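Here's the structure, in structure tokens; my notes come after.
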Amino acid sequence: MSMTTPPGWYADQGAPGTERWWDGNAWTAHTRPIGGAYQQPYQQPQTVPLAVGGGPGGGRRGRVVAAVAAGLVLTVAIVAGVTLLGDDEPKTAPPAAATTTGPAPGPTDDTGGASPTDEPSADPTVLVDQLNGITLPIPDDWEKSDSVVDRSVTMTTVADYECPGETNRYCRYGRVMSFTATQTDAAGPEALAKEDIQDASDALYDEDSIGNSYYGGVTSHTVVKSEAVTVAGRTGYLVRWKVKTGSGPGGYVQSLAFPSTIGAESLIIVRFGFDAGPKGPPLSGMDTITEGIRRIGDATGGVGSSIGPS
């Protein structure tokens, strides 16, 4: 069963120190300072006089009216409490929505720290990262993720399987997520990609944030590719590893970093996790997705071609 993220104020990663309103379906243009006041005026509960028994049945009427009055006061108090507490408490990210029934899900969307920037799109062939101003092509047999984990927008393969390192958990054969880079000392896309690849490997194939080891942990890795690329008209950099895991066939991890096309041109990270083995997505799919990244509204976009090895 799928659940959507409830409306509310959430941290706007594109504008530090501000919050943006999520209306339950999309980000709106309404912003405010983090912790800024946005309260409905408190309404003093109105007191209802109690009937005083003056004849047969008077006491009973008094008790009935008293019960009605108590119910009205309780209702007003609950509404006021929700208005005052629910709207003003700062939040860092919309809560994740449950997306599956049956066995507990595996690490389909674990980013290791990334921002809910996805704006639902009517086009099922693209994943929209609204805050970073880009779209990513969704390959055949892939789908947008119904849940938001940390602060990323995510797509996964439709097919899943029981995780090799955990029982009663399901893993996806492929995962791709996009988010704004934060809290990094890396100077430029190349340094950021080389810094992020270890975190990507840990998040996608080693352990999740609460210690679940869906693949038996990463035992070793090999650098497959490290090169500059053009993404959505901007010069970026990618690093790709092949990782061996304690259970299962292992996989390929890629960190792609490039400047945003909007705002202050903060750096964007796109992480890829493709299972190795015959059932994993073709490795060429990483290049296809990279080449297909576009600025929102741009039908042609950047080339995504290789500039050359470092």
TODO: Take Leu238 and decide whether it is in contact with a strand residue (DSSP E or B) (Cβ under 7 Å, 6 or more places away or on another chain), within 29 Å of Leu131 (Cβ to Cβ) and not in a strand (DSSP E or B).
DONE: no
- [ ] Can you run down the residue pairs with Cβ atoms below 7 Å, 6 or more apart or on separate chains, where the first is in segment 224-239 and among the acidic types (Asp, Glu) and the partner is modelled with pLDDT of 95 or more and in a strand (DSSP E or B)?
- [x] Glu227/Leu238
TODO: Please tell me if Ala187 is surrounded by fewer than 18 Cβ atoms within 10 Å (Cβ to Cβ) and farther than 20 Å from Ser284 by Cα.
DONE: yes
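Residues checked against (1) in contact (Cβ under 8 Å) with a residue 12 or more places away in the chain; (2) closer than 24 Å to Thr235 by Cα; (3) in contact with a Phe, Trp or Tyr (Cβ under 7 Å, 6 or more places away or on another chain); (4) part of a loop (DSSP other than H, G, I, E, B):
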{"site": "Thr167", "(1), (2), (3), (4)": "no, no, no, yes"}
{"site": "Tyr170", "(1), (2), (3), (4)": "yes, no, yes, no"}
{"site": "Ser178", "(1), (2), (3), (4)": "yes, yes, no, no"}
{"site": "Thr184", "(1), (2), (3), (4)": "yes, yes, no, yes"}
{"site": "Ser201", "(1), (2), (3), (4)": "yes, yes, yes, no"}
{"site": "Gly211", "(1), (2), (3), (4)": "no, no, no, yes"}
- [ ] Output the residues belonging to segment 5-54 that are of a type in the set (S, T, N, Q) and at pLDDT below 50.
- [x] Gln39, Gln40, Gln43, Gln44, Gln46, Thr47
TODO: State the number of residues belonging to segment 190-219 that are more than 21 Å from Met286 (Cα to Cα), touching a strand residue (DSSP E or B) at 6+ places or on another chain (Cβ under 7 Å) and surrounded by fewer than 21 Cβ atoms within 10 Å (Cβ to Cβ).
DONE: 3
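Per-residue answers, yes or no, for (1) more than 22 Å from the chain's Cα centre (by Cα); (2) closer than 24 Å to Tyr161 by Cα:
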| residue | (1), (2) |
| --- | --- |
| Asn212 | no, yes |
| His221 | yes, yes |
| Thr235 | yes, no |
| Gly250 | yes, yes |
| Val253 | no, yes |
| Pro259 | no, no |
| Ala276 | yes, yes |
Task: Count of segment 192-229 residues which are farther than 22 Å from Ser152 by Cα and among the polar types (S, T, N, Q) - done: 4
Task: Residue in segment 253-261 that is outside any strand (DSSP E or B), touching a Gly at 6+ places or on another chain (Cβ under 8 Å) and surrounded by fewer than 16 Cβ atoms within 10 Å (Cβ to Cβ) present - done: no
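The values are calculated or read from the model by the stated rules, or taken from the named source; none is laboratory data. This structure is a prediction, so every number in the text was calculated from the model and none was measured. Heads up, the Cβs are rebuilt from the backbone with ideal geometry, glycines too, and the neighbour counts pull from every protein chain shown.
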